[in-house]
Amino acid sequence: MTRTVYLNGEWIAETEAKVSIFDRGFLFADAIYEVTAVIDGKLIDFPGHAARLRRSLDALGIAMPVEETELLALHKEIAQRNGITEGLIYLQISRGVQDRDFLFPKAMEPTFVMFTQAKRVLDNPKWKTGLSLKTVPEGRWSERQIKTVQLLYSSLRKTEANRNGFDDVLFVENGLITEASSANFHIVTAAGELITRDLSNALLHGITRGSIVDLARQAGITAHERAFTVEEVTSASEAFLTSATSFVTPVVRLDGETIGNGKVGPVSERLLDIYIQDQLSRGVPIAD
Ligand code: PMP
């Protein structure tokens with residue numbers, strides 16, 4: 001049976017419901033959701049779900065698309081339209097649609113989706129037998145080596161920092177630098193040596209980072225791959241970011257403190273130049 005779903009104020013067939021590929025829920029996991037059970041034609045714990053929905057939206061700075069009374073009316077209507085007396089009502093609200101960018105404007109039009117799942121929730125066989133579980137390390141989200149679209153935290157912190165006059169954020173964990181919101185971070189010591197964080201699940205294994213370390217070594221620059229502290233950054237003579245979109249981009253201030261002499265340094269400039277030259281000579285031609 002084709003369900004009727006709710007999408008941005010309209011009731012439509014599930015097969016007709018389309019969300020843009022530029023939706024921030026899809027590109028940045030910039031969305032929240034709630035699931036409310038229905039038993040015997042009754043919404044279970046609805047006020048709690050409505051309250052948490054508001055808290056989640058407030059925390060992300062997404063406008064509540066409808067008032068709570070309207071939210072309740074929508075839950076009743078979607079259950080009625082789909083003949084659900086037992087099952088689930090799923091709702092998801094994303095920040096909305098814009099061209100891909102970690103930075104987002106204050107006012108966006110949220111994407112609001114609801115659908116039902118008809119399901120027996122009252123005859124769970126596990127209520128008789130019980131479940132068997134396995135422990136795993138808590139790591140939500142500690143697998144930053146995987147290039148997932150779970151970019152919400154980075155996007156929120158970068159947007160907030162941007163509104164306060166910074167270009168980007170630098171993540172610090174236990175006093176040690178991991179990386180920037182969407183780039184690897186490197187320093188150059190007074191002795192002219194490159195220091196970059198060693199590879200682990202603490203950071204994304206940047207493709208540009210790998211090339212820069214290789215090219216630096218080929219150019220006779222000593223490169224150390226190890227963790228380094230915030231203090232090492234502010235006492236470094238240079239710092240820079242690397243990424244596929246920014247190549248080698250100098251960083252001259254951290255938390256308002258000057259790095260080196262506060263100007264773009266010679267090693268950063270040289271590595272940018274070497275990288276561009278190297279890639280222009282080795283890049284894959286688009287046309288045969
Ligand atoms: N770290 C993070 C978190 C990133 O998102 C990116 C690139 N988008 C990088 C590092 C740099 O990786 P690459 O050089 O492969 O672009």
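Based on C-alpha pairs under 8 angstrom that are at least 6 apart in sequence, the chain has a relative contact order of 14 percent.
Computed from the C-beta positions of Leu131 and Val19, the FRET efficiency with R₀ = 45 Å rounds to 0.85.
Taking the average, over residues, of other Cβ atoms within 10 Å as the packing measure, peptides 33-46, 74-87 rank 74-87, 33-46 from highest down. If you average the alpha carbon positions of the stretch 46-95 and of the stretch 226-272, how far apart do those two centres end up, in angstrom? So the two Cα centres are separated by 46 Å. Taking a threshold of 26 Å on the Cα-Cα distance, which of the pairs Lys18/Lys106; Lys18/Lys134; Lys158/Lys263; Lys18/Lys119 fall above it? Violating the 26 Å Cα-Cα cut-off are Lys18/Lys134.
Applying the Karplus relation 6.51 cos²θ - 1.76 cosθ + 1.60 with θ = phi - 60° to the stretch 23-31 yields 3J(HN,Hα) values of 5, 5, x, 6, 7, 10, 6, 8, 7 Hz, where x marks Gly and Pro.
Near Leu254, the amide H atoms lying under 5 Å from its own belong to Ile259; only residues 5 or more places off or on other chains count, and H is placed 1.01 Å from N. The helix-based estimate of mean residue ellipticity at 222 nm for the chain, built from -39,500 (n - 2.57) per DSSP H run of four or more residues and divided by its residue count, is -8500 deg cm²/dmol to the nearest 500.
Within the stretch 4-118, the ratio Rg/Rh, alpha carbon atoms throughout and Rh by Kirkwood, equals 0.97. Under Stokes-Einstein, with the Kirkwood radius over Cα pairs as Rh, the value for the chain at 4 °C and 1.567 mPa s is 57 µm²/s.
Rounded to the nearest 10 degrees, the angle from helix 207-218 to the longest Cα principal axis of the chain is 10 degrees.
Stretched out straight at 0.36 nm per residue, the stretch from Ser281 to Arg81 would grow longer than its current Cα-Cα span by 65.8 nm.
Estimated from the Cβ-Cβ distance and a Förster radius of 25 angstrom, the FRET efficiency linking Val264 and Asp99 is about 0.30.
Under a 5 Å amide H cut-off, with hydrogens placed 1.01 Å from N, Ala180 pairs with Phe171, Phe185 among residues at least 5 apart or on other chains. Charge tally for Thr116 (other residues, Cβ to Cβ under 12 Å; Lys, Arg +1; Asp, Glu -1): +1.
Among Leu91, Leu170, Leu71, the largest mean-square fluctuation in a Gaussian network model of the chain (Cα springs under 10 Å) belongs to Leu71. Sequence-ordered 3J(HN,Hα) estimates for the stretch 97-112 from the Karplus curve with 6.51, -1.76 and 1.60 and θ = phi - 60° stand at 10, 7, 4, 4, 6, 4, 8, 10, x, 4, 9, 9, 8, x, 9, 10 Hz, glycine and proline given as x.
Coordinate-derived values only; no laboratory data. Everything numeric here is computed off the predicted structure, so don't read it as measured data. With ideal geometry, Cβ positions are generated from the backbone for all residues, glycine too; neighbour counts draw on all protein chains shown.
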